[in-house]
2 protein chains.
Amino acid sequence: MLHIEREINEQPDVIRRLIKETDLDKLIAAIRDFDPTFVMIAARGTSDNAARYAQYSFGIHLKLPVALATPSVHTLYGAQPIVSRALVIGISQSGSSLDVRQVIEDANQQGALTLSITNDEESPLAQTSQFHIPLNCGEEISVAATKTYTAELTAIALLVNALQPQTGLDKLPELVSRTIQSSERIQDWIQRYRYASHLAVIGRGYNYATAYEISLKVKELCYITSEEYSEADFRHGPIAVVQDGFPVIAVAPQGKTLPLMQDLLADLRTKNAECLVISNDDGALSYAMYPMPLPGDVPEWLSPVTAVIPGQIFAMQLALSMGHKVDRPTGLTKVTITR
Amino acid sequence: MLHIEREINEQPDVIRRLIKETDLDKLIAAIRDFDPTFVMIAARGTSDNAARYAQYSFGIHLKLPVALATPSVHTLYGAQPIVSRALVIGISQSGSSLDVRQVIEDANQQGALTLSITNDEESPLAQTSQFHIPLNCGEEISVAATKTYTAELTAIALLVNALQPQTGLDKLPELVSRTIQSSERIQDWIQRYRYASHLAVIGRGYNYATAYEISLKVKELCYITSEEYSEADFRHGPIAVVQDGFPVIAVAPQGKTLPLMQDLLADLRTKNAECLVISNDDGALSYAMYPMPLPGDVPEWLSPVTAVIPGQIFAMQLALSMGHKVDRPTGLTKVTITR
């Protein structure tokens, strides 16, 4: 079995363990005591997509504005934006990104509250930050991250839930497991896309992050161009590129964004786009050339944890159909040290 | 003459007028008095790319962290992240975006300091915000924004300069004019890309914004897929898609990011990518299939105002070579009302 396939299948257990074992008591007390005026998150690649989820979930549930850090301001320009009243979070699977660590170091010096989320407690990033949430995923061998991404999302959800109790977290491992099962059908129709040369992935709200992450998996594994958009930004220009047969993956689970995503799907139909739909809504799924169903009982705020999974499996199956080395894509390395 | 061509050519005059006539005294006094802990900017499309420039220029010169707003948190989820200590800025050419205005309205209610930057003083957004910087561009008729984008960048630069004096602003209209002149050669070689189906545009630091904006112009005008990246994020996965002949536009002016961009160009050469380079550095330009030279004396912090221009002209010329309706791209409207 491929490493990536095994790691995708490990996600229910990883999430179950994370929910059960993560102890946030001291961190929550520190956040309450510090009372940050905003949050800054430094991350790259897949972890940056987890940061996008935090932007929405912190904004909606905690009323905390989230800035995504621009690490080169620190590393290339030697400037230090003032974050002394902020909770500054570094997210990195490996914990080895030099630029993410620099943001945390600068924040420590300024008296900010700092937190890291990594899969390696011994990593430089974990050691540098005042608090650390370990992902405890076990080693991730595939270059393309899967289980560490959903673990990062879950860690963010746990933090939200600890600060402002929500519902549904306990059901998440089971929902993820069911999503993996229902995504088995993707291999029955994936061959149709063997010669696709490009793709767009659209989401909005919480699932803006999902659109980014699915698009990144497609790029990493399949070597085809893929673009990711919020439904709003897509309508602001890029929708112009949609022509007959243009393949679009719409991430459209039930919730506040569903009516807008359904409108978009209707518009894409008039343009003869080819839509693939990730949803737990029959109306949205009816627009799909092939549906990628989600379990019906996912609360919207947790939907990104399940909605990314059909995308992970789509990208893996498409890469296999193309004959690519899925666990070790050409030209990529697991740990990228950004200057 | 096409509207877009005329509007591109108007840019030196627009910028000259903006530098001469913009009166920021009351705004600067209000910002000093308010002493914001961070900045939040709400914008869509081209204006969101101007916001990316603000992220870097405010961070580097003013030490102010910048969060890009997530308007759907307000409009779809009905939540209001707390911005009472923030300078909240709405940027919109038309000033008609409902979601951007909602962010400003919510900020007003919370006691934030609010500012809008628009090309219409009578627009809802301009009327809603406490302060307003008028772009005074004259009407922009082409659907694809050009002069309003460089005017937005200039307004941001004026604000930076007023809070923390910098050098070079007075030379900007002349530099923009020379960039337009040197970009005339693009039409001599554009035909080579008539059948290109995709493109990537890479920048970093201040010119991360430029990569986004050039890519957006290509998508809006040429209906081909284009991807935009920071040099760092590109190396974190998407670089995997680069194969023989893959066309890449590198935005690589002199400054702190140049060594990293040169390293990337060297790597792209080993992958047999086809590089187009926007730069005022001979070393960087030497990697180019076709160089797009910038004037040598642009200070790095203002380089995005000049560096976008070859990209605007590239996108326009490519669209013409493809036979597209350049002023009125199919499927787009000038004003997009986002819910």
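The values are calculated or read from the model by the stated rules, or taken from the named source; none is laboratory data. For clarity, every value in this text was computed on a predicted model and none was experimentally measured. Neighbour counts are summed over all protein chains in view; Cβ atoms, including those assigned to glycine, are modelled from backbone coordinates with ideal geometry.
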Here is a check on your reading of the model: is residue A:252 within 14 Å of another protein chain (Cβ to nearest Cβ) and more than 26 Å from residue B:218 (Cα to Cα)?
yes
Are there any strands (runs of 3 or more DSSP E) wholly within the stretch A:58-171 with 3 or more residues that are closer than 26 Å to residue A:21 by Cβ, and if so which?
A:86-92, A:113-118, A:131-134
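Could you check how many residues of the stretch B:216-238 are at the interface with another protein chain (Cβ under 7 Å from one of its Cβ atoms) and touching a residue at least 12 places away in the same chain (Cβ under 8 Å)?
9
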Among the numbered criteria (1) more than 25 Å from residue B:48 (Cβ to Cβ); (2) crowded, with 23+ Cβ neighbours inside 10 Å, which single criterion is violated by residue B:167?
(2)
Enumeration of residues in the stretch A:205-215 that are within 11 Å of chain B (Cβ to nearest Cβ) and either free of Cβ contacts under 8 Å to residues at least 60 places away in the same chain or under 13 Å from residue A:317 (Cα atoms) (or both):
A:215
Output yes when any residue across the stretch B:144-153 is under 23 Å from residue B:28 (Cα atoms), touching an Asp or Glu at 6+ places or on another chain (Cβ under 8 Å) and either surrounded by fewer than 18 Cβ atoms within 10 Å (Cβ to Cβ) or not assigned by TED's automatic domain parsing to the domain that holds residue B:313 (or both), and no when none is.
yes
Return the only residue of A:48, A:23, A:13 being in a loop (DSSP other than H, G, I, E, B), under 17 Å from residue A:135 (Cα atoms) and either modelled with pLDDT of 95 or more or outside the structural domain of residue A:313 (by TED's automatic domain parsing) (or both).
A:23
Given the condition polar (S, T, N, Q) and within 11 Å of chain B (Cβ to nearest Cβ), answer yes or no: does some residue in the stretch A:289-312 qualify?
no
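Kindly indicate whether any position in the stretch B:319-326 is among the small types (Gly, Ala, Ser), surrounded by 23 or more Cβ atoms within 10 Å (Cβ to Cβ) and more than 14 Å from chain A (Cβ to nearest Cβ).
Scanning the stretch B:319-326 turns up no residue that is among the small types (Gly, Ala, Ser), surrounded by 23 or more Cβ atoms within 10 Å (Cβ to Cβ) and more than 14 Å from chain A (Cβ to nearest Cβ).
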Any residue that is surrounded by fewer than 18 Cβ atoms within 10 Å (Cβ to Cβ) and away from every other protein chain (no Cβ under 13 Å) - is there at least one of those in the stretch B:34-49?
yes
Specify which of the listed residues (B:229, B:206, B:195) is under 22 Å from residue A:213 (Cα atoms), among the aromatic types (Phe, Trp, Tyr) and either in a loop (DSSP other than H, G, I, E, B) or not assigned by TED's automatic domain parsing to the domain that holds residue B:60 (or both).
B:229
Close pairs (8 angstrom Cβ cut-off, 6 or more residues apart or separate chains): free of Cβ contacts under 8 Å to residues at least 60 places away in the same chain in the stretch B:148-170, surrounded by fewer than 24 Cβ atoms within 10 Å (Cβ to Cβ) and in a helix (DSSP H, G or I) anywhere
B:161/B:169
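Results for (1) buried (at least 24 other Cβ atoms within 10 Å of the Cβ); (2) closer than 24 Å to residue B:50 by Cα; (3) more than 19 Å from the chain's Cα centre (by Cα), shown as yes or no for each residue.
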position	(1), (2), (3)
B:226	yes, yes, no
B:246	no, no, yes
B:267	no, no, yes
B:270	no, no, yes
B:286	no, no, yes
B:293	no, yes, no
B:296	no, yes, yes
B:304	yes, yes, no
B:308	yes, yes, no
Selection status of residue B:105, within 23 Å of residue B:15 (Cβ to Cβ) and acidic (Asp, Glu)
no
Kindly indicate whether residue B:94 is surrounded by fewer than 24 Cβ atoms within 10 Å (Cβ to Cβ), within 14 Å of chain A (Cβ to nearest Cβ) and within 17 Å of the chain's Cα centre (by Cα).
yes
Against the condition over 22 Å from residue A:30 (Cα atoms) and in contact (Cβ under 8 Å) with a residue 12 or more places away in the chain, how does residue A:94 come out, does it pass?
yes
